[in-house]
Structure formats: structure tokens, C-alpha cells
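Visitor: Can you keep this structure in mind? I'll have questions shortly.
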Amino acid sequence: MSVASQTDYAPTNAQMRAVLGPILFGDMAQLALWGVLVTLAGHFIASPQWSRFSPTLRGIVIAVLILTTMSSCISLNDLFYYGTLVENDWTTVLKGTVPEAIEPLMVGIIAAVVQVLLMLRASNVIERAAFKWAYIAFVGVTISMELVMCSITTYYCLIFYQNPDTYTERNISIGWSQAITAWMLLEAFIDIWISGSYILILRTRLGWGSNRSESYLRLIVKLTLQSALLTSVFAVVTAILEIRYPGPDLETEDIYAAFLCPQPAIYAISLFTTLAIPEKSRRSDEVNVYLRPVKNSEDLPLPKFEGGSDTAV
């Protein structure tokens, strides 16, 4: 069943809800999470921890905030476009807008920037240079593959935007459904790999048996896993929905959008959650019981960014 065979009649209200529901839900979730992100960012930038970051790290964090805000503007544009739509025909509904067509690229860029930053944080706890560069190379290649799949997905979105009635998947050996599925699975794999390896390496560095290190590690594991699970779960669910509803049934093929659209804000929140770990560890009653005898953070094997401080954990 082709797209053209489904667009030669006016859609019913039920069909409109089925097509637009997941997209609008995902856009509203993105805007709600962006509000949470702005609150977190305001508190974080006003904290003493922000001044201890290197200029490079501060620049990356600001870039993520700007990109996430741009993505939220796209979501707002989608809500306005579909909320004020008066034409009742498939072509107008399916085409959407140009910003909506490039939305997958925004998701991919934000996820990749956050993943690169967290990869560098994790690599800084690896002591042997050969292992460190092998780790960076492996994760870097995987992130590059993720961006390739994201770019292919965006390409198909732009082709579809030009004319949904004549849309065909050509010129590339991989189709839309395969591209977005591979992209999401790679995204989830990277999140789990970075977080898992970071915890294992830090476990080795901190050692066993110390009450202080055990408490510190418990807090790191809790916050790191929260961030990794949130991003990876959304990516995996998006992939599963695309596998289950690959199209070309117009009423079901956009279900994945409910979990794809909020990902920019989720990744940005994950970044702030991770960067705030040292400050949270100092404020934690459980950890502070064991940190009172410690004169400074140099007593713990914390990774550092270039020109920065122990806030890189």
C-alpha cells in the first residue's frame, strides 16, 4: 500500500487524531521538559560550581542549551501549525513544515554533543593512555555511525516534505525505517556503554571496602544510571515502535514521534544531572559523613577537564 493510494480522499477526524496525536504529544513533552531544563540551567549557572568549569566546558554546555531551545522552538512551531490547520487534506497534513523536517537532525546533533562530552568525562578516569585512546576511538566511531543514520533519516524527511504523494525511498540502499531504527539502537548502545564503562572504571579507581568511597560510588551509580536509563529507554522504545509500525500505514507510522520529539530536552537534562554529581555528593548527608575528614577533593581520584576542576565527574 503506497502513500499515494491513501491520500486521494479527505481524512476523517479519527484519522487526523491518529496521525497527529503522537507528534503533538511528543512536542508538548519536549516543551514541558524544556521548562524543567531552563530551571535546572538557571540554578546550575548561578552556583559556584559553574565558575569552576573550564571555558571550553562552559561553551559546550551553553551550546547544548541553545540547540535544545532551537529544538523546542521547532516543537512550538509544530503545535501552532497543526493547531491552526484549516485544510482538510492528507497532503497538507503530511507535509508539515520545513523545521519539522529537520527535527531529526536537531535530535541527533544534541545527542551526539552530550555523548561526546560524557565520553570525554569517562575517558578521563582511564589511567593507561593506550586504553584511553582505544576507548575514545571506539565510542567516536559509534557516534559517527549514529550521525550517519540520523542524516539519512533527515534526508528522507526532507524528500517526504517536498511531495508526500510521490515519495519513494530511492538512491540509498537503506530505507527510512531501517535508518531510524539503527540510529535509535546505536544511540541507546552508546548511552549504556559510556555509563556502564564509567561506573566500572571508577569502581576500580576508588577501590573496595572504604566507607567513603563506597558512599561516593553509590551516589555516582545512582545518578549516572538515572541519566543513562532515561535516554536509552526513550531511544529503545522509539526503535521498537518503528519496528512494530514501519509504515506505510499513515495512521500508525508516526507513533514513534511521541518518544523521539522529547529527546533533545532529555539529553540536555541528562547532561546537567551528570555534571552536578560532585556538588550533589558534597551536599549528600550520606556521603558527607565520610567526607568530613577529607581536606580537599584531591583525596579522591576524580577526573578533570582541561583547565577545569573536579566538577568533571
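Visitor: Quick check on region 28-49: of everything there that is open to solvent by 70 Å² or more (accessible area, probe 1.4 Å) and more than 22 Å from Ile74 (Cα to Cα), which residue is nearest to the chain's Cα centre (by Cα)?
Guide: His43
Visitor: Could you grab me the full set of residues in region 136-177 that are open to solvent by 20 Å² or more (accessible area, probe 1.4 Å) and modelled with pLDDT of 90 or more?
Guide: Hits for region 136-177 are Ile136, Ala137, Phe138, Gly140, Val141, Ser144, Met145, Leu147, Val148, Met149, Ser151, Ile152.
Visitor: Hey, can you tell me all the residues within region 180-197 that are under 11 Å from Val139 (Cβ atoms) and modelled with pLDDT under 90?
Guide: Ile194, Ser197
Visitor: Next question, about the same structure. Note down all Cβ pairs under 6 Å where the first residue falls in region 50-75 and is of a type in the set (Lys, Arg), the second is open to solvent by less than 10 Å² (accessible area, probe 1.4 Å), and they're at least six residues apart or on different chains.
Guide: Taking only residues 6 or more apart or on different chains, the pairs are Arg52/Thr311.
Visitor: Could you give every pair whose Cβ atoms fall below 8 Å, whose first residue belongs to region 23-35 and is small (Gly, Ala, Ser), and whose second residue is outside any helix (DSSP H, G or I), counting only separations of at least 6 or pairs across chains?
Guide: Sorted first by the residue in region 23-35, then by its partner, the pairs are Gly26/Cys261; Gly26/Pro262; Ala29/Cys261; Ala29/Pro262.
Visitor: Kindly provide the set of residues from region 9-37 that are among the small types (Gly, Ala, Ser), part of a helix (DSSP H, G or I) and modelled with pLDDT under 90, ordered by number.
Guide: Within region 9-37, Ala14, Ala18, Gly21 qualify.
Visitor: Turning to a different aspect of this structure: Could you tell me which numbered condition Arg52 fails, if it satisfies all but one of (1) open to solvent by 40 Å² or more (accessible area, probe 1.4 Å); (2) out of contact with any helix residue (DSSP H, G or I) (no Cβ under 7 Å at 6 or more places or on another chain)?
Guide: Every listed condition holds for Arg52 apart from (2).
Visitor: Turning to a different aspect of this structure: Within region 22-39, can you find the residues that are touching an Asp or Glu at 6+ places or on another chain (Cβ under 8 Å) and hydrophobic (A, V, I, L, M, F, W, C)?
Guide: Of everything in region 22-39, those that are touching an Asp or Glu at 6+ places or on another chain (Cβ under 8 Å) and hydrophobic (A, V, I, L, M, F, W, C) turn out to be Ile23, Leu24.
Visitor: Report, by residue number, each residue of region 58-81 that is surrounded by 19 or more Cβ atoms within 10 Å (Cβ to Cβ) and farther than 16 Å from Ala111 by Cα.
Guide: Answer for region 58-81, where residues must be surrounded by 19 or more Cβ atoms within 10 Å (Cβ to Cβ) and farther than 16 Å from Ala111 by Cα: Ile74, Ser75, Asp78.
Visitor: I'm checking my understanding of the structure. Among residues of region 82-91 that are open to solvent by 50 Å² or more (accessible area, probe 1.4 Å) and not hydroxyl-bearing (Ser, Thr, Tyr), which one is nearest to Pro48 (Cα to Cα)?
Guide: Among residues in region 82-91 that are open to solvent by 50 Å² or more (accessible area, probe 1.4 Å) and not hydroxyl-bearing (Ser, Thr, Tyr), the one nearest to Pro48 (Cα to Cα) is Gly83.
Visitor: Suppose the filter is open to solvent by 50 Å² or more (accessible area, probe 1.4 Å) and under 23 Å from Phe189 (Cβ atoms); does Ala111 pass it?
Guide: no
The values are calculated or read from the model by the stated rules, or taken from the named source; none is laboratory data. Nothing here was measured: the structure is a model prediction, and the numbers come from that model. Cβ atoms come from the backbone with ideal geometry, glycine included; neighbour counts cover every protein chain shown. What goes into the accessible areas is simple: the full protein's heavy atoms, side chains included, and nothing from ligands, DNA or RNA. Shrake-Rupley method; radii C 1.70, N 1.55, O 1.52, S 1.80 Å.
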